[in-house]
Amino acid sequence: MKATVQTFSVVCGTRECNAHCPFCVSRMTGNQPEVHDFNVHNFRIAAEFARQCHANTMLITGCGEPMLYPMDISLLLAMTNDLKGGRAFPFRELQTNGILLRDHIETLSQWHQMGLTTIALSVVDFNTEPNKKIYGKDYPDLEANIALIKDLGFMVRLSVIGVKGMIDSPRAIDDLTDWCHANKVDQITYRRVTRPDHSENAGAAKWVDDHYINDDHWKALEQHVASQGTLLLHLMHGAKVYDITGQNFCMTTCLTDSPDPDQIRQLIYFPDGRLRYSWAHKGAVLL
């Protein structure tokens, strides 16, 4: 079995969340941690394996909202700094819905000093109302959140979920890239909403089925992005990174597993000490 990994994803916290996404992947995959504990011993083993697999990025994410557990994030960054060989994973990113950012400005500054490089904001649009509709009434003004992140010295990425009726057309993508360029967003990742083949939550699965961008439509969007941009990178999980008039734009997919059964492309560490290589398949366990 070969293991070539770009990103080491680390789950922080539990299933607790302050958003109300109808397409919640965690509810559909059923891999949520049940208790608030973090297995430090196994984390060190998992992180060393990720380094041996040449992972250059550690993504702090959650089955819920990781910023509900700021002490865990601080612990995770401190442990990473203490790993053998000094600071492991030069790119350290935090995936968040952004609702709690303004409540933790001092803590964010500390995380920046501890090596956190990037804040990735989950969105369905660059306008406030569509995000409130999906994530809940507490979703903050996106432009203000981006300005805050930049002021603190972080890179900012918009993790855009493509949903039918929202950013689902060439014109909408052009508007997105123009808006991001004007607001100094460093990176855009665009993926369509999707679900695993076997969902553990019928309501979330039905919502995805009703709002899914079909394959023909998605291919047309891929062709539009390719026509507007210059291809910069092919990432190992199939994503393509473009430069669109100076704006970084990555087009990718969710729940990506390797089509080669002898190759691992992703590592996911859960707080209970489990190291997996698939979000969707509970049997994909290494530790």
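Overview of values
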{"item": "Among residues of region 56-70, those that are within 21 Å of Arg15 (Cβ to Cβ) and part of a loop (DSSP other than H, G, I, E, B), counted", "result": "5"}
{"item": "Unique match (being touching a Lys or Arg at 6+ places or on another chain (Cβ under 9 Å), β-branched (Val, Ile, Thr) and either in a helix (DSSP H, G or I) or free of Cβ contacts under 8 Å to residues at least 24 places away in the same chain (or both)) among Ile161, Ile134, Ile146", "result": "Ile146"}
{"item": "Residue in region 112-131 that is farthest from Ile73 (Cα to Cα), counting only those that are in a loop (DSSP other than H, G, I, E, B) and hydrophobic (A, V, I, L, M, F, W, C)", "result": "Phe126"}
{"item": "Candidate set: region 167-214, residues that are assigned to a loop (DSSP other than H, G, I, E, B) and within 17 Å of Leu121 (Cα to Cα); chosen: the one modelled with the lowest pLDDT", "result": "Val193"}
{"item": "Matching residues, region 71-111, being surrounded by fewer than 17 Cβ atoms within 10 Å (Cβ to Cβ), part of a helix (DSSP H, G or I) and not hydroxyl-bearing (Ser, Thr, Tyr)", "result": "Met71, Leu75, Ala78, Met79, Asn81, Arg102, Asp103, Ile105, Glu106, Gln110"}
{"item": "Residues of region 7-57 satisfying the condition of being of a type outside the set (Ser, Thr, Tyr), under 16 Å from the mean Cα position of the chain (by Cα) and at pLDDT 85 or above", "result": "Phe8, Val10, Val11, Cys12, Gly13, Ala55, Asn56"}
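The values are calculated or read from the model by the stated rules, or taken from the named source; none is laboratory data. Because the structure is a prediction, the values reported are computed rather than measured. Here the Cβ is made from the backbone with ideal geometry for all residues, glycine too, and neighbour counts use every protein chain on show.
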